[in-house]
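Visitor: What follows is a single structure, and I will ask about it in a moment.
The values are calculated or read from the model by the stated rules, or taken from the named source; none is laboratory data. Predicted, not measured: the structure shown is a model, and the values here were computed from it. Cβ: placed from backbone, ideal geometry, glycine included. Neighbour counts: every protein chain shown.
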Amino acid sequence: MWRESLGDLVTGSWRPPAPYAALHAVETSLGRSLPPALRSLLLETDGIEGPYGEDIVWPADRVLNDNLTFRTRPEFRALYRPFDPLLFFGDNGGGDQFAFVRAPDAKGGVYVWDHETDERRHVAADLGTYLREALGSGGEDWYR
């Protein structure tokens, strides 16, 4: 599904699929299911690297490790609002992170978290839109 819909936007080769055990570890450790679109993408390819080395979609083990880090590091708790509603899954290579948000007032879709301001802003209606924008941007911060 994703290979056909993204076509030539993914440069280089597709990574092998994420193992089911890795996805189960993410869901069990974080105490929440992966969004269906992200789960299906990771079952086709364990992450997508952008043209400039940024991880537009992280491998499953990084999804787990980075989300645990954001939730548990004391210095993050002192600097930023809680990360519990966010499920980070990618970045721009310069510190901003992309996430799905589970919160009563969230629109759904993809949000960007600005690491300098702690702003959390809606940037794409769904994962497919996010991927097409991020992969087709030519390395620019398309979400600004």
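Visitor: Out of the stretch 13-24, which residues are among the hydrophobic types (A, V, I, L, M, F, W, C) and either outside any helix (DSSP H, G or I) or over 17 Å from the mean Cα position of the chain (by Cα) (or both)?
Guide: Scanning the stretch 13-24 gives TRP14, ALA18, ALA21.
Visitor: Criterion first (in contact with an Asp or Glu (Cβ under 8 Å, 6 or more places away or on another chain), at pLDDT below 95 and among the acidic types (Asp, Glu)) does ASP55 satisfy it?
Guide: Yes.
Visitor: Could I ask something else about it? Taking TYR111 as the residue in question, decide whether it is closer than 30 Å to GLY7 by Cβ, touching a Gly at 6+ places or on another chain (Cβ under 8 Å), touching a residue at least 24 places away in the same chain (Cβ under 8 Å) and hydroxyl-bearing (Ser, Thr, Tyr).
Guide: Considered against the rule, which asks whether it is closer than 30 Å to GLY7 by Cβ, touching a Gly at 6+ places or on another chain (Cβ under 8 Å), touching a residue at least 24 places away in the same chain (Cβ under 8 Å) and hydroxyl-bearing (Ser, Thr, Tyr), TYR111 comes out as no.
Visitor: Applying the selection to the stretch 83-96, what residues are without any contact (Cβ under 8 Å) to a residue 24 or more places away in the chain and touching a strand residue (DSSP E or B) at 6+ places or on another chain (Cβ under 7 Å)?
Guide: Once the filter is applied, which keeps residues that are without any contact (Cβ under 8 Å) to a residue 24 or more places away in the chain and touching a strand residue (DSSP E or B) at 6+ places or on another chain (Cβ under 7 Å), the stretch 83-96 yields only PRO85.
For (1) modelled with pLDDT of 90 or more; (2) within 26 Å of GLU116 (Cβ to Cβ), each residue gets a yes or a no:
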| position | (1), (2) |
| --- | --- |
| MET1 | no, no |
| PRO16 | yes, no |
| ALA22 | yes, no |
| LEU42 | yes, no |
| ASN67 | yes, yes |
| PHE70 | yes, yes |
| GLU75 | yes, yes |
| ASP84 | yes, yes |
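Visitor: Scan GLY109, GLY136 and give me the residue that is of a type in the set (Gly, Ala, Ser), farther than 12 Å from GLU54 by Cβ and over 14 Å from the mean Cα position of the chain (by Cα).
Guide: GLY136
Visitor: Condition first: more than 15 Å from PHE100 (Cβ to Cβ), surrounded by 12 or more Cβ atoms within 10 Å (Cβ to Cβ), without any contact (Cβ under 8 Å) to a residue 24 or more places away in the chain and not basic (Lys, Arg). Can you find one or more residues in the stretch 67-82 that meet it?
Guide: Looking for residues that are more than 15 Å from PHE100 (Cβ to Cβ), surrounded by 12 or more Cβ atoms within 10 Å (Cβ to Cβ), without any contact (Cβ under 8 Å) to a residue 24 or more places away in the chain and not basic (Lys, Arg), one finds at least one in the stretch 67-82, hence yes.
Visitor: Does VAL10 count as crowded, with 16+ Cβ neighbours inside 10 Å, within 14 Å of the chain's Cα centre (by Cα) and among the β-branched types (Val, Ile, Thr)?
Guide: No, not satisfied.
Visitor: For ASP118, all conditions in the list (1) in contact with a helix residue (DSSP H, G or I) (Cβ under 6 Å, 6 or more places away or on another chain); (2) over 22 Å from HIS24 (Cα atoms); (3) acidic (Asp, Glu) hold save one; what is the number of the exception?
Guide: Tallying (1) in contact with a helix residue (DSSP H, G or I) (Cβ under 6 Å, 6 or more places away or on another chain); (2) over 22 Å from HIS24 (Cα atoms); (3) acidic (Asp, Glu), ASP118 fails exactly one: (1).
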